[in-house]
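Structure first, then comments.
The values are calculated or read from the model by the stated rules, or taken from the named source; none is laboratory data. Just so it is clear, the model here is predicted, and its values are computed rather than measured. Heads up, the Cβs are rebuilt from the backbone with ideal geometry, glycines too, and the neighbour counts pull from every protein chain shown.
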Amino acid sequence: MYLKILIILLCLSLFCLWPGLPVSADKPRPKLLDGDLIEEGQPAPQPSQPPAPPLPTEQTASLRQEFTISLPVNPKSSLVWRLAEHDRQFLQLLRHRYQKPDPSRPGAPGQQQFDFLALKSGRTTVVFVAQPPLVRTVAQERRFVVIIQ
């Protein structure tokens with residue numbers, strides 16, 4: 001008994017989903033384009049391109065001197081900046097800390113500050129990523145080109 005009902009339901013679902021069959025006599029069946037429904041007569045959407053990564057920010061530093069890179073942090077978003085990549089021949093990470101926002105501006109973002117020591121003259125790139133705590137998905141990326149003189 002259950003097998004007959006299952007076969008009938010399967011046949012009905014195949015008949016309803018068969019390509020080229022109209023859904024009703026007065027309305028044509030919508031077409032699928034990469035999983036998106038496109039109604040007849042509408043232009044097909046253009047494939048979306050991923051957003052271009054932001055251009056790196058340049059920062060200068062003096063040889064054998066400390067310098068700081070600051071990144072905005074909004075405690076409500078729960079995103080935390082982490083140092084993802086840097087060349088240890090050029091830079092040494094000394095510490096990182098959170099600078100609270102000015103108390104007179106409620107809801108203002110704070111700053112996450114990373115202090116480096118410039119070890120070698122030249123040009124290097126530092127990459128930071130913002131992620132929610134305990135999550136591996138990167139929400140945002142920032143690149144800094146550091147020119148050490």
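Side notes on the structure shown:
- Contacts under 6 angstrom Cβ, first residue in the stretch 71-90 being under 11 Å from residue 112 (Cβ atoms), partner β-branched (Val, Ile, Thr) and surrounded by 14 or more Cβ atoms within 10 Å (Cβ to Cβ), 6 or more apart: 82/129
- Of all residues in the stretch 105-121, those that are farther than 23 Å from residue 62 by Cα have Cβ atoms under 8 Å from Cβ atoms of residues that are β-branched (Val, Ile, Thr), 6 or more apart or on another chain, in 109/73; 110/73.
- Here residue 37 clears all of (1) in a strand (DSSP E or B); (2) farther than 14 Å from residue 142 by Cβ; (3) of a type outside the set (S, T, N, Q); (4) modelled with pLDDT of 85 or more except the condition numbered (4).
- Residue 68 satisfies every condition listed in (1) touching a Pro at 6+ places or on another chain (Cβ under 7 Å); (2) among the polar types (S, T, N, Q); (3) at pLDDT 95 or above except (1).
- From the options 83, 94, residue that is in a strand (DSSP E or B), among the aliphatic types (A, V, I, L, M) and over 20 Å from the mean Cα position of the chain (by Cα): 94
- Any chance residue 140 is surrounded by 14 or more Cβ atoms within 10 Å (Cβ to Cβ) and at pLDDT 80 or above: no
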